[in-house]
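The next block holds one structure in the form of structure tokens; read it before the comments.
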Amino acid sequence: MRTRLALIAALLGTPLPAFAHPHVFAEARLEIVAGTDGTVSELRNVWRFDDIFSSSVLMDFDKNSDLKLDHGELNEIAETIRTSIADYGFFTSITANGASVSVARPDVFHVDFKDNQLLVFFVAKPEKVLPLKGKLSIGVYDPTMYTAIDFANDGDMVTEGDGFKLCKRAVVRPDPDQIIAENQANLTSAFFDDPAGSDMTKLFATRLELTC
């Protein structure tokens, strides 16, 4: 039960005190797909979690104690994650010409357990039509700062579809020291200790910027 609480807290943004720095780590890949109508049709996410946290999830959700996660157990994890991160925009940040764009509840949401690591796969879609025009910024991060979602290489944030042919792209990796220096007045202890996270958290997140 303790690990279940940790799963909900770490992955899913459930309020718990003093989340000042990451405790769980995940390697991520994001594929942004353009529709034939010149809009963003979907965002395909893959998260691979660290061995220690993955082992904890295995021990907590392995109800029949066979040291593996069967179909029903994996579905329980998937639904728990999907339901819980809904309040946090599914850890997905999208802006179009400076305006925030909400994400719809994913219909496709799966988890797997391979090579002792928990894998999360889901497809997010903009809640409204998102034309490939102007400046788009897309990032994936945990607003509670408890889980570090890392894009190890620029190639882990990719675009697919002819709609991106006229777009310039850049992977932006903010310098934490610079962000802190520029926002010193706002980065108080209340910011770091707020379990609900803060809009400022996205300043630290790796993002893909598209100019179309």
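The values are calculated or read from the model by the stated rules, or taken from the named source; none is laboratory data. The structure displayed is predicted, hence computed values, not measured ones. Methodologically, a virtual Cβ is constructed for each residue, glycine included, from the backbone with ideal geometry; neighbour enumeration extends over all protein chains shown.
Quick check: anything in the range 63-78 of a type in the set (A, V, I, L, M), within 20 Å of Tyr141 (Cα to Cα) and either modelled with pLDDT of 95 or more or not in a loop (DSSP other than H, G, I, E, B) (or both)? Yes; the residues of the range 63-78 include at least one that is of a type in the set (A, V, I, L, M), within 20 Å of Tyr141 (Cα to Cα) and either modelled with pLDDT of 95 or more or not in a loop (DSSP other than H, G, I, E, B) (or both). Just one of the numbered conditions (1) within 22 Å of Val24 (Cα to Cα); (2) assigned to a loop (DSSP other than H, G, I, E, B) is not true of Phe113: (2). Of all the listed residues (Val111, Val123, Val103), the sole one being of a type in the set (Val, Ile, Thr) and over 24 Å from Glu209 (Cα atoms) is Val111.
For the range 24-62, the set of residues classified as in contact with a helix residue (DSSP H, G or I) (Cβ under 6 Å, 6 or more places away or on another chain) and of a type outside the set (A, V, I, L, M) consists of Arg29, Gly38, Ser56, Asp60, Phe61, listed by residue number. If Met145 meets every condition in (1) on the phi > 0 side of the Ramachandran plot; (2) touching a residue at least 24 places away in the same chain (Cβ under 8 Å); (3) over 14 Å from the mean Cα position of the chain (by Cα) apart from one, which number is that one? Failing condition for Met145: (3).
Flag set for Arg29, criterion: under 15 Å from the mean Cα position of the chain (by Cα), crowded, with 17+ Cβ neighbours inside 10 Å, of a type in the set (D, E, K, R) and modelled with pLDDT of 90 or more. For Gly139, state whether it is in contact (Cβ under 8 Å) with a residue 12 or more places away in the chain, under 17 Å from Gly35 (Cα atoms) and small (Gly, Ala, Ser). No: the conditions fail for Gly139.
A count restricted to the range 79-97 and to residues that are part of a helix (DSSP H, G or I) and surrounded by fewer than 20 Cβ atoms within 10 Å (Cβ to Cβ) stands at 8.
Selection over the range 148-163 of residues that are surrounded by fewer than 19 Cβ atoms within 10 Å (Cβ to Cβ) and either touching a residue at least 12 places away in the same chain (Cβ under 8 Å) or not in a loop (DSSP other than H, G, I, E, B) (or both) gives a count of 10. In the range 73-89, the residues that are farther than 16 Å from Ser56 by Cβ form Cβ pairs under 6 Å with partners that are aliphatic (A, V, I, L, M), at six or more places apart or across chains, as follows: Ala78/Val111; Ser84/Ile8; Ser84/Leu12; Ile85/Leu12; Gly89/Val103. Filtering the range 112-136 to residues that are among the β-branched types (Val, Ile, Thr), over 11 Å from the mean Cα position of the chain (by Cα) and over 23 Å from Asp37 (Cα atoms) leaves nothing.
Among residues of the range 169-212 being β-branched (Val, Ile, Thr), modelled with pLDDT under 90 and under 24 Å from Ala28 (Cα atoms), the one that is surrounded by the most Cβ atoms within 10 Å (Cβ to Cβ) is Thr201.
Residue count for the range 118-168 under the criterion of being under 27 Å from Leu74 (Cβ atoms), modelled with pLDDT of 95 or more and of a type in the set (Phe, Trp, Tyr): the result is 3. Can you list residue pairs whose Cβ atoms sit under 9 Å apart, with the first residue in the range 42-68 being without any contact (Cβ under 8 Å) to a residue 40 or more places away in the chain and the second being assigned to a helix (DSSP H, G or I) and not aliphatic (A, V, I, L, M)? Count only pairs 6 or more apart in sequence or on different chains. Partner pairs satisfying both residue conditions: Asp62/Glu73; Lys63/Gly72; Lys63/Glu73; Lys63/Glu76; Asn64/Glu73.
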